[in-house]
Every structure is written in C-alpha cells, then in structure tokens.
Amino acid sequence: MLSHSTSCCVVGGGPGGVMLALLLARKGIPVTLIEQHKSFNRSFRGEVFHSSIMEIVDELGLINKLFEIPHTKIYSAKIDSPHGSIVLDFTTLRSKFPHLTTMSQSQFLEFIVSEATKYDHFKCIMGAKVVELLNEDNKINGVKIQKDGEFHEIRSILTVAADGRNSTISKLSNVSPTELTKPIDIIWFRLPRHSTEPEYMFNRSNHSNQLNMLACVNRGDYWQIGMFIPKGSFKEIRIKGMENLHRALYELVPEFSDRISSLNWDQLSVLSASSSRLKQWYLPNLLFIGDAAHTMSPLGAVGINYAIQDAVVVANVLSAPLKSGHVSLKDLARVQKQRELPTKIIQAYQGVMQKQIIDPILKDKNSSIGFKLVKRFNFLRKLIVILVTSGFKRVRVQ
C-alpha cells in the first residue's frame with residue numbers, strides 16, 4: 001500500500017525538493033518525496049549550478065561523487081553589446097569552487113535521490129500526481145495522490161510544496177504569487193560546440209532586428225542557447241520564416257555559421273520568463289519553497305541556487321519541530337523570514353537588469369546608464385558576481 005503516514009511530505013522532485021528530502025532523511029526524520037513524472041530523464045530549463053550549491057554538497061561530503069557526473073566548469077561570463085563588453089570573473093569568489101558548474105539536472109536529481117535512498121527514513125513515489133490536499137480542522141494534514149489509476153493518502157505533519165512555477169499545491173490551496181517583472185519569452189535551443197571554442201558563457205546583442213539578444217552557455221559538447229524576444233512575438237517570428245531566424249543568428253554569432261543552417265523549428269522551444277513571489281509562503285502545516293514560492297527570471301540562472309538554499313534553511317529550522325511532532329505557524333514564519341530578504345534582493349536585481357539591459361536592447365534603444373556604470377566600475381561587477389553566485393547571505397548546513 002502506498003498510503004502511509006510520514007513526518008514530512010515533499011511534493012516535487014526538483015532541486016529544492018530532492019535536497020530537502022535528503023537533508024531530512026540524514027537527520028532521521030521520516031520524509032516522503034512525491035514526483036509526478038515516472039523518471040528524472042527529461043529536459044530541464046536550468047542546468048547551471050552556482051558555487052554556493054557546490055559548497056552545500058561539499059558540506060554533505062558528496063562533492064567528489066557529484067563531480068563524477070559529466071560537467072563543465074565556467075570561470076567567467078562575457079556580455080557583448082553594441083556599446084561595449086563586460087566580463088564577470090567568477091575566480092574572484094572566496095570559495096572552494098570559484099566557478100559555475102553546468103551538468104545535467106536529471107543526473108543531479110538522480111544522484112541526490114540515490115543518496116537519500118541510503119536512509120531508511122526516506123521514501124520516494126515516482127509517477128504520482130497530487131489531486132487533493134487533506135484538510136482537517138483548517139490544517140493541511142497531507143495529500144491524496146493518484147498513481148497508476150489508484151488513489152492513495154499520504155498523511156504528514158508538514159507538507160512542502162516544491163513543485164515549481166506551475167505549482168499544483170498552489171492551485172489546490174488557492175494561493176497565487178504577485179508578478180514582479182514584465183514577462184518576456186525565450187527561444188530555447190542547442191547548437192554543437194567545438195572543443196576549440198571558448199569555455200566561458202556569453203551574452204550577445206546588436207541592433208539589427210527583433211531577434212537581437214541571446215545567451216550562450218557552455219555545456220561541453222554543445223551550446224545551450226536562449227534568445228530573448230518580446231512576450232508573445234514567437235508567432236510573428238514563425239511567420240517570417242526560419243531563414244529570417246538564421247540570418248539573425250549569423251549576425252549575432254558568426255562564429256557558429258557552420259552549424260546554424262541545420263537548425264529547424266522542431267529543435268526550438270519557447271519559455272516564458274518572469275519573476276513573482278508569494279506574499280506569505282505558508283499555511284497551517286504547509287510550506288512553499290523554490291519556484292512554488294518565488295519564480296526567478298533567467299538572469300543569472302539563479303533558480304536552482306535559491307531553491308536549494310531554501311531547502312537547507314527548511315531543514316535547519318524545522319528539523320527539531322518535525323522531530324517533536326508539531327510544526328507551528330511561528331516555525332514556518334521563521335523559514336520565510338530567513339529566506340525572504342535574500343529572495344527580494346536577487347529579484348530586485350533581476351528587475352533592474354531587465355529594465356536597464358534587456359528591455360532597451362529588445363526595444364532597439366541605446367544602452368542604459370546601468371550598463372555603462374557596470375562596464376566602468378569593477379566593484380559593481382564583483383558585486384554582481386557575489387550576488388548571483390552566493391546570494392545576499394550564504395546558507396550553511398547545520
């Protein structure tokens with residue numbers, strides 16, 4: 001029988017969810033992880049891991065095993081525009097891991113879950129969809145799931161919603177976030193990478209046409225590319241034809257001219273990018289973390305970073321209450337109090353960067369004063385590196 005009781009039910013097998021499950025299991029706390037997909041073997045929008053994540057994994061004694069997964073270390077990022085270039089140097093970080101790390105998110109998730117399965121207190125249910133919250137006496141006492149056509153109940157002291165930006169738990173609990181930035185779209189695709197090409201990641205922009213800004217992330221044998229476009233404009237781009245998109249890419253990344261012509265519509269996907277945040281991250285016996293509590297824009301690729309830091313704080317703050325068998329609203333408020341300010345700061349930074357850098361380029365306007373200041377002052381570039389890679393406050397495993 002899948003129906004059972006546990007101390008903590010974590011809904012969503014993303015980075016934050018799996019990390020929280022591992023941390024609680026290590027502390028001897030019964031935890032059940034529920035993931036609606038049958039496996040982690042699928043495409044993910046984010047595969048950039050910051051130095052703060054590597055430090056957390058290192059604190060768990062797992063960094064050497066993690067680095068057995070194929071990965072790429074990125075030590076700098078370059079932003080090219082018609083008005084100059086900016087280089088962000090990650091080697092200036094005071095960290096054992098002064099770099100970004102790109103690796104398959106599916107392999108990362110499988111690795112963390114495999115470590116969690118070593119503990120008797122951990123249970124993972126794959127291919128299960130949450131269909132109902134168990135609500136008694138105005139408290140969430142777990143979830144009802146559907147798996148293989150059958151329904152089961154998972155009763156818990158605490159339910160954690162770690163199920164992403166389209167959170168099922170948010171819909172079932174009738175909570176919705178406040179939008180913080182104007183949404184934009186990103187055309188997401190890959191191009192082969194030659195071994196002789198630069199190892200850094202880079203942004204490139206010009207004033208040629210509507211398709212005038214993209215980001216390229218080194219993924220070893222391929223480039224993961226995101227092209228920024230105005231919200232809702234992909235239909236118009238399709239009407240203009242693939243040749244028009246090819247021409248834009250030839251102008252933006254002429255060094256990729258030998259492989260652009262092979263790109264077709266089937267290789268493209270469109271992602272909506274926006275930033276939002278819940279006013280209150282909790283209800284009685286229910287807590288939201290990661291994208292379920294605060295979605296991030298793609299600027300800085302910080303979504304995984306902040307979701308995992310949320311998980312660490314949850315484990316630090318709520319382990320004792322979970323062991324006692326009761327988690328109060330005050331306990332849940334402590335989690336939000338510790339994580340809300342760092343989240344607000346990074347989202348404010350993302351909002352400024354979108355307004356100062358992305359929007360002017362997409363609207364074919366001159367670069368803003370913000371871009372010019374960052375280009376001129378080295379301390380601003382260092383501040384951006386610290387803010388993006390480590391956050392406002394570093395989180396440590398207790």
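The values are calculated or read from the model by the stated rules, or taken from the named source; none is laboratory data. Owing to the predicted nature of the structure, the values given are computational and were not obtained by experimental measurement. Positions of Cβ are backbone-derived with ideal geometry, glycine not excepted, and every protein chain shown enters the neighbour counts. In case anyone asks, the SASA skips ligands and DNA or RNA and just uses the protein heavy atoms, side chains included. Shrake-Rupley method; radii C 1.70, N 1.55, O 1.52, S 1.80 Å.
When you scan the stretch 89-109, how many residues do you find that are in contact (Cβ under 8 Å) with a residue 12 or more places away in the chain and either within 18 Å of W223 (Cβ to Cβ) or assigned to a loop (DSSP other than H, G, I, E, B) (or both)?
12
List the strands (runs of 3 or more DSSP E) that sit entirely inside the stretch 203-296 and contain at least 2 residues that are at pLDDT below 85.
269-273
In the stretch 322-339, is there at least one residue being in a loop (DSSP other than H, G, I, E, B) and open to solvent by less than 30 Å² (accessible area, probe 1.4 Å)?
Checked against the condition, which is being in a loop (DSSP other than H, G, I, E, B) and open to solvent by less than 30 Å² (accessible area, probe 1.4 Å), the stretch 322-339 yields at least one hit.
Kindly indicate whether E199 is open to solvent by 80 Å² or more (accessible area, probe 1.4 Å), more than 30 Å from V87 (Cβ to Cβ) and in contact (Cβ under 8 Å) with a residue 40 or more places away in the chain.
When the stated conditions are applied, E199 does not pass them.
In the list V160, V113, V143, which residue meets the criterion of being outside any strand (DSSP E or B), crowded, with 17+ Cβ neighbours inside 10 Å, modelled with pLDDT of 95 or more and hydrophobic (A, V, I, L, M, F, W, C)?
Checking each option against the conditions leaves just V113.
Return the total of residues in the stretch 278-317 being open to solvent by less than 10 Å² (accessible area, probe 1.4 Å) and acidic (D, E).
The number of residues fulfilling the criteria is 1.
Any residue in the stretch 202-223 that is under 11 Å from A248 (Cβ atoms) sitting within a Cβ distance under 7 Å of a residue that is modelled with pLDDT of 80 or more and acidic (D, E)? List the pairs, counting only those 6 or more apart or interchain.
N206/E251; S208/E251
Among (1) free of Cβ contacts under 8 Å to residues at least 24 places away in the same chain; (2) open to solvent by 40 Å² or more (accessible area, probe 1.4 Å), which single condition is K27 missing?
(1)
Whether any residue in the stretch 116-125 is within 26 Å of K27 (Cα to Cα), modelled with pLDDT of 95 or more, surrounded by 17 or more Cβ atoms within 10 Å (Cβ to Cβ) and of a type in the set (F, W, Y) is what I want to check.
Yes, because at least one residue in the stretch 116-125 is within 26 Å of K27 (Cα to Cα), modelled with pLDDT of 95 or more, surrounded by 17 or more Cβ atoms within 10 Å (Cβ to Cβ) and of a type in the set (F, W, Y).
Looking only at the stretch 76-91, how many residues end up being hydroxyl-bearing (S, T, Y) and loosely packed, with under 15 Cβ neighbours inside 10 Å?
Final tally of qualifying residues: 2.
Which residues, counting only those in the stretch 151-198, are out of contact with any strand residue (DSSP E or B) (no Cβ under 9 Å at 6 or more places or on another chain) and charged (D, E, K, R)?
K171, K182
Go through (1) part of a strand (DSSP E or B); (2) open to solvent by 60 Å² or more (accessible area, probe 1.4 Å); (3) polar (S, T, N, Q) one by one and return the number of the condition N166 breaks.
(1)
Which residue out of R204, R190, R259, R247 is open to solvent by 40 Å² or more (accessible area, probe 1.4 Å), farther than 24 Å from D291 by Cα, touching a Leu at 6+ places or on another chain (Cβ under 8 Å) and among the basic types (K, R)?
Of R204, R190, R259, R247, the one residue that is open to solvent by 40 Å² or more (accessible area, probe 1.4 Å), farther than 24 Å from D291 by Cα, touching a Leu at 6+ places or on another chain (Cβ under 8 Å) and among the basic types (K, R) is R204.
Are there any pairs with C-beta distances below 6 angstrom linking a residue in the stretch 251-268 that is without any contact (Cβ under 8 Å) to a residue 60 or more places away in the chain to a residue that is part of a helix (DSSP H, G or I), with the two at least 6 apart or on different chains, and if so which?
Qualifying pairs under 6 Å: S257/Y250.
Report, by residue number, each residue of the stretch 367-398 that is outside any loop (DSSP other than H, G, I, E, B), among the polar types (S, T, N, Q) and either surrounded by fewer than 17 Cβ atoms within 10 Å (Cβ to Cβ) or more than 27 Å from the chain's Cα centre (by Cα) (or both).
N378, the sole residue that qualifies.
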